[in-house]
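A short write-up of the structure that comes next.
The values are calculated or read from the model by the stated rules, or taken from the named source; none is laboratory data. Please read all numbers here as calculations on a predicted model, not as lab measurements. Neighbour counts are summed over all protein chains in view; Cβ atoms, including those assigned to glycine, are modelled from backbone coordinates with ideal geometry. Areas reflect the complete protein model, heavy atoms only, side chains present, ligands, DNA and RNA absent. Shrake-Rupley method; radii C 1.70, N 1.55, O 1.52, S 1.80 Å.
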Amino acid sequence: MNKHSVYETNSFYWDTKGNDFLGAIVLPFYGAFVSEEKCQLFGDVSGKKMLEIGCGNGQSLQYQGNRKASELWGMDISEKQIEKATQHLTSCGLSAKLICSPMEEECGIPVDYFDFVYSIYAIGWTTDLEDTFCRIASYLKKDGIFIFSWSHPIHKCVVEENNRFVFNKCYFDESWYSVSPDFCQGALTLSDRKLSTYINALAKAGFVIEQMIEETDNEIIQLHDENNDFVKRAKMFPVTFVIKARKL
């Protein structure tokens, strides 16, 4: 796996296709059927300095700005997404410092500065999880909070066959692969990491885990068609996980 090749492939996709096909997962939702309104992981953010990793179109930063965060910062690998975030936040009367860079790289973000660093369905794009978590730890003040969500690894291992869910991929396989989303030309490069890989990388970077969420919110799921394939999956196993960790 060549990280720069991955950068080029994925940033090109988000520049040219992006949310038009994959959609945007933004706060108050952490992913399918998990919400901040129910989990209350952030609590009161008024007066807090916030950095979002993978800020996309800026809607999650808007959510934090509307809740009276004192500073908004965002990072994204896609120049197009940074442009969209700038336009969106400006239209909402909010200002933010936005940086176009891979999350693994040094890009001038201040250290020991932020109260919260968070990432909504973006951390899994990193080519170097341990290095990314170490960088995130450096951005946070002591006892600062890191919250991130991503697709649950079990979700990636299971398919439906003859009205039953069966494993079609080894949970332990973390090799990189190319995927073309449905109804879309173009490719993305991904790795499906085990939960233990995330947890061990957090520990190595100096974090202690305060909370992990992988349950499907039944109140949210009842708002959807029970015959929807994704809803059926979410009723049987987690499709999203969220971790809240504190810097020691």
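Annotations
- The range 50-180: C-alpha gyration tensor shape, a/c 1.5 cut-off, then a/b vs b/c: prolate
- Dipole orientation for the range 97-248: of the candidates 242, 132, 144, 144 has the Cα lying most toward the positive pole (charges on Cβ; Lys, Arg +1; Asp, Glu -1).
- The DSSP beta bridges internal to the chain are antiparallel in roughly 55% of cases.
- When 178, 46 are compared by accessible area at a 1.4 angstrom probe, the order from most to least is 178, 46.
- Taking all protein chains as they are arranged and a probe of 1.4 Å, the heavy atoms of residue 125 leave approximately 50 Å² accessible to solvent.
- Environment charge of residue 160, counting only residues whose C-beta is closer than 9 Å and scoring Lys/Arg +1, Asp/Glu -1: +1
- Counting only Cβ charges, +1 for Lys and Arg and -1 for Asp and Glu, the dipole size of the chain around its Cα centre is about 460 debye.
- Built amide H within the under 5 Å cut-off of residue 55, gap 5+: 75, 76
- Legend: residue pairs 141/204; 49/84; 68/141; 84/244, Cα-Cα distance threshold 26 Å; pairs beyond threshold, 84/244.
- Note on the range 120-248: with neighbouring protein chains present and a 1.4 Å probe, carbon and sulfur make up 50 percent of its accessible heavy-atom surface.
- The 1.4 Å probe gives accessible areas that order 86, 240, largest first, as 86, 240.
- On a per residue basis, the chain carries 48 Å² of accessible surface, using protein heavy atoms and a 1.4 Å probe.
- Net charge, residue 218 excluded, C-beta distance under 11 Å - Lys, Arg +1, Asp, Glu -1: -1
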